[in-house]
Structure formats: structure tokens, C-alpha cells
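Where a number appears in this text, it was derived from the coordinates with a stated rule and is not lab data. All values derive from a computational prediction rather than experimental measurement. Please note: Cβ atoms are built from the backbone with ideal geometry, for glycine as well, and neighbour counts cover all protein chains shown.
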Amino acid sequence: MYNILLTDDEQIMIDSLKFIIEKNFPGQVNLYFSLSGSDALNLTAQNQVDIIFMDINMPGINGLETLKCITQSKPNTVIIILSAFDRFQYAQEAVNLGAYKYLTKPVNRNTVIETVRGAMNLVDQIRGRLSNEVELHKKLDLVSPMVESDFIYSAIFGGGKDVSDYFSYFNITDSYWCFCCLEIPHIETKNQYELYVKIRDVLKSKSRCLVGSFMLNRIAVFFPISCSGTKNAAEAQLKVQIVDIYRLLSINVCSGIRAGISRAESDQQKTTMIYNGALDALNRTPPGGGIFFENDTKKSDGNSNIGETAEKIFARVRAGDANGASVLVNAYCAALTEKYEGELDKIKNALFELLINVRNITTETDNTYHNEAFSNAFSILSSENDLVQLEQFVRNRCNECASHILRISGDFKNPIIEKACGFMNGHMKEDISLERTAVEVGVSPFYLSKLFKEEKNKNFITYLTDIRMEKACLLLKEPRVSVKEVSASVGYNDQNYFSRLFKNKFGMTPTEYRDSSKNNI
């Protein structure tokens with residue numbers, strides 16, 4: 001359907017155009033009418049008009065002035081100028097203003113029909129272009145979070161690998177950038193995606209940041225800092241922006257969000273280190289929510305040094321880094337000795353408090369964890385007066401906890417791979433592709449393929465084929481299910497193709513496998 005506005009100060013001209021258009025384009029048009037330029041402006045403001053017939057010589061605002069206003073506010077409108085004057089300067093100005101045709105009165109019937117048909121074709125082209133742009137934006141809205149997640153994973157887990165291609169892709173030319181680690185309370189599977197969308201919308205409304213996907217209840221965010229000044233100026237500007245974003249997150253998402261923000265950096269090779277700085281800052285954030293900036297710790301304050309070192313020990317234990325925790329225990333004991341100047345009871349109390357926190361961190365990861373040494377920690381610390389032995393006892397406990405967390409973490413499945421495998425197992429009958437699975441888990445096909453090679457030591461297709469063949473083996477042991485039904489159940493509509501794949505993997509056909517299974521019963 002096409003909306004057409006007929007504008008002329010002579011009613012007879014409007015009636016003539018109306019008759020020609022309605023007769024030759026039945027059921028294809030909605031017609032609007034106006035006798036002046038001001039009426040035409042009001043109608044186009046209130047309605048979506050596709051095509052306008054506009055007379056030049058009208059009282060008040062003339063046609064060219066009206067045309068100028070309309071093309072500014074509605075640039076996709078197709079305008080046809082009508083004039084009783086065959087003057088080149090009028091035609092030239094109309095074309096310069098974007099008119100589609102310039103017709104002189106009286107207008108021939110066939111010319112009107114041909115002009116309307118051409119204008120309709122032009123409207124179709126404009127609609128198609130706009131539709132394509134909308135579709136492109138939809139695709140970009142889908143792809144962009146995936147690419148951003150790829151970048152975040154590469155940046156924080158890449159161990160210093162080159163991420164310059166991502167910087168170029170996202171056109172990040174800022175002198176400084178930082179990482180923020182957000183921890184969201186009350187995460188449930190059913191509301192995770194909804195929360196992610198809300199968080200992303202708030203972040204994107206206030207910054208050109210790149211947002212990672214959920215890692216358990218945390219989201220990593222990369223913030224470019226648009227500041228041409230010094231590093232200190234960049235960090236000061238960032239603080240103002242983060243506080244504003246945190247306020248919006250608390251209002252639009254939920255209360256109790258914790259945020260750790262790293263220092264500003266300019267070296268692209270330090271993304272992993274800077275992300276760890278954000279994690280350390282998060283560990284210092286109050287349990288009930290709030291913001292902590294990595295550079296907020298006052299190095300000159302002895303109490304702050306001790307507290308900072310303790311938090312770093314907790315972070316290393318959480319990360320399963322026994323060696324890192326050991327080094328920090330040495331620094332912690334040295335700071336306690338310097339502060340308390342040989343007051344052994346105060347040193348013991350601080351060490352006991354440290355061990356209680358380390359044990360709690362471990363039980364958060366594994367609530368079945370038990371270590372007899374922790375049960376006797378108070379009595380051991382009370383009876384031991386040798387600082388070297390006290391330090392060794394605390395170091396051993398921290399090492400044990402970090403090693404246990406590392407061992408437990410090794411048993412955990414990558415949440416992306418786990419979700420992908422769950423989708424594949426649940427939709428085995430269907431046509432499963434790498435691209436479709438990537439959409440389901442919210443990463444790019446390239447990154448998902450890379451994860452499968454790293455986590456499963458095989459590519460996506462090989463893994464999918466393997467789980468289908470394993471399922472087929474189970475189904476073939478049921479004599480009432482035909483080979484054709486087994487083939488369809490594991491996603492192969494071509495039974496012959498299924499049989500070839502099965503034989504390649506197991507060295508026998510599905511029928512032979514079924515027979516051998518019977519013999520083994």
C-alpha cells in the first residue's frame with residue numbers, strides 16, 4: 001500500500017489526479033489532500049506519506065519552500081513537482097532539493113500513470129534498503145556480543161597473547177583503557193540472559209565499552225578511556241564514569257552489585273595482568289556491594305599494606321596459585337612483624353584470622369573440604385613461639401587450600417562447552433551445525449571451534465559425530481528399534497551415510513554391531 005498526498009490550491013487539479021490514480025491503481029493507494037503548503041506540512045508530520053504531488057505556486061508557503069521543509073524531515077519521501085510554468089530555474093531548484101519529477105500543467109493522463117508507477121518502484125527500493133539496514137542492525141546486534149566475548153576471553157585468558165587485531169576491529173585508539181569485573185548477586189539460569197541484556201544496555205548507554213558474557217556470576221568489561229591527558233587524568237575521568245554507571249546498574253538491574261576496577265593501562269600486552277588487577281580490586285569490595293578501584297589502596301599506610309597483602313593471598317588461593325600464595329604469606333608475616341614489633345600474641349591472632357578466611361574460601365569452592373590441621377590451628381598457633389615455624393605452618397595451609405581448589409577447578413567443565421554439549425545432546429535428532437550451536441551458547445563459531453579443540457582435543461564435527469555414534473550404540477542394543485530409526489534418532493536421515501560413518505568408527509556395520517551385542521549377552 002502506498003500513501004500519496006495531492007497538494008494544489010486548485011480543487012479541480014486535485015480531483016483530476018485523484019480520478020486518474022484511483023482508476024489505474026485500485027486497492028494500492030491511500031490518498032490525502034491539501035490545498036496549501038502549510039496543510040501539506042501538517043499532513044506529512046502526522047502521517048507516513050510515501051509520494052507527494054506538489055504544486056509550486058500556492059498562497060502562503062509555496063511548493064519549493066514546502067519541499068525544502070519536507071526533504072529535511074522526511075528525506076525518503078518521493079516528491080513530484082507540478083507547475084504551470086515551464087521555467088528551467090524552477091525545475092533546476094526542484095531537482096536540487098530532491099524532487100523525483102517536474103511536471104508541467106496541464107498534465108497528460110499517461111504521464112501521471114507512468115510517473116506514479118515509477119514513484120512506486122522508487123518507494124519499493126527505499127523500503128527494501130531500509131529493511132536491509134534494519135536486518136543488518138539485527139545481525140550486528142547478534143554478532144557484536146559474540147565478538148566482544150571473544151575479545152574478553154582472549155584478553156583475560158590469553159596469557160599476554162597479541163590482541164591488537166581486536167583493538168583494530170573495534171577501532172580502539174584511546175591512549176588508556178582498563179578492566180572492570182562486575183559481580184552480580186542472585187544469578188539464576190532462568191534470569192541470566194535477561195540480566196545480561198539489562199547490564200549490557202546500561203553499560204552501552206554510557207560508554208563505548210566491550211562486554212564479556214557471564215562467567216558464573218561475573219562479567220568482565222573492557223573500558224576504553226577517552227582522555228588525551230595524563231594517566232592520572234584518565235583514571236580520574238574513569239572514576240566519574242564508573243560511579244555513574246554503577247548508580248544506573250543499581251537502579252535498573254539490582255542492588256548489591258560489586259565492582260572491581262583496574263588501574264589504567266596503555267600496553268596491549270598487559271590485558272591479562274590488568275584484568276587480574278580488577279579481580280584483586282573486586283576481592284576488596286564490601287560483600288554487600290560497592291565499587292573498589294585498584295589504585296585506591298594507600299601504600300604508605302601499614303594497616304593498608306597488611307590488608308592488601310591478605311586480600312592478595314585470598315585472591316591467589318581462589319585462583320589455585322599455591323606458589324603465588326606462598327610468596328605473599330612471606331610478605332604478610334614480614335608486615336605483621338614490622339607492625340607489631342615482636343608482640344607475638346597479636347601476630348598469632350592475625351595469622352589465625354588469615355587461616356580462617358583461607359579455609360572459608362576453600363569451603364566456598366568445595367563444601368566437603370576438611371583438613372585436620374585447620375581444626376587444630378588455634379592450639380598449634382598458641383603453642384608455637386618460633387616465628388619461622390608459624391610462618392611455615394600458615395604457608396603450608398595456604399598451599400594445601402590453593403592446591404585443592406586447583407584440583408577441584410580442573411574437574412569443572414568450561415561452562416560454554418558444557419552448555420554446547422547439553423544443546424547437542426538435547427537436539428541430536430536435528431540438523432546441528434557449528435553456527436547454530438554458537439548462537440545457542442552466545443559466542444562466535446570461530447571461538448566455539450577453538451574451545452572444542454582446547455577442551456575436548458578434537459574439532460566440533462568430530463565430537464558431534466562421536467556422541468551420535470555412542471548414542472547409536474546404545475539404541476542398537478534395543479532389538480525393537482530398526483537401524484533406520486536409530487539413524488534418524490541420532491540425526492542422520494540418510495541411513496547409508498550413517499552406516500558408513502558407523503563402520504568407519506567401529507569397523508563393523510550397525511547390523512553387525514547389533515548381532516555382536518546379542519552374542520555378548
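Using percent of Cα pairs over 35 Å apart as the read-out, say which of (1) 41; (2) 35; (3) 61 was calculated from these coordinates. Only one listed value fits the structure, namely (3).
Length available on full extension from ASN385 to GLU353: 0.36 nm per residue minus the Cα-Cα distance, which gives 9.8 nm. DSSP assigns beta bridges within the chain; of those with both partners inside it, close to 45 percent run antiparallel. Between ALA319 and ILE408, the modelled labels are 1.9 nm apart [label points 7 Å from Cα along Cα→Cβ]. The packing ranking, built from the mean of other Cβ atoms within 10 Å per residue, places the peptides 178-188, 480-490, 18-28 in the order 178-188, 480-490, 18-28, highest first.
Under 15 Å from a label point set 7 Å out along the Cα-to-Cβ vector of ARG117, the amide N atoms of region 1-45 belong to 21-26.
Could you work out the relative contact order of region 407-472, using alpha carbon pairs under 8 angstrom and six or more residues apart, expressed as a whole percent? Present the calculation step by step, with values, prior to reporting the outcome.
Working: 39 pairs, mean separation 17.8, N = 66.
Relative contact order, region 407-472: 27 percent.
For the residue pairs LYS429/LYS458; LYS270/LYS456; LYS198/LYS458, alpha carbon separations beyond 25 Å are given by LYS270/LYS456; LYS198/LYS458. Given +1 at the Cβ of Lys and Arg, -1 at the Cβ of Asp and Glu and no other charges, the dipole of region 1-72 around its Cα centre is 200 debye to the nearest 20. Packing around the peptides 285-295, 164-174, taken as the average count of other Cβ atoms within 10 Å per residue, puts them in this order, highest first: 285-295, 164-174. With contributions of -39500 (n - 2.57) from each DSSP H run of at least four residues, the per-residue ellipticity at 222 nm computed over the chain stands at -20500 deg cm²/dmol. The modelled label-to-label distance for the pair ARG436/SER205, using points 7 Å beyond Cα in the direction of Cβ, is 3.6 nm. Between amide H atoms placed 1.01 Å from N, distances below 5 Å from ASN3 occur with ASN30, ASP50, ILE51, all of them 5 or more places distant or on a separate chain. Take each peptide in 369-375, 98-104, count the other Cβ atoms within 10 Å of every residue, and average; sorted highest first, the result is 98-104, 369-375. Each residue, GLU10 and GLN48, gets one label point 7 Å from its Cα in the Cβ direction; the gap between the two is 3.4 nm.
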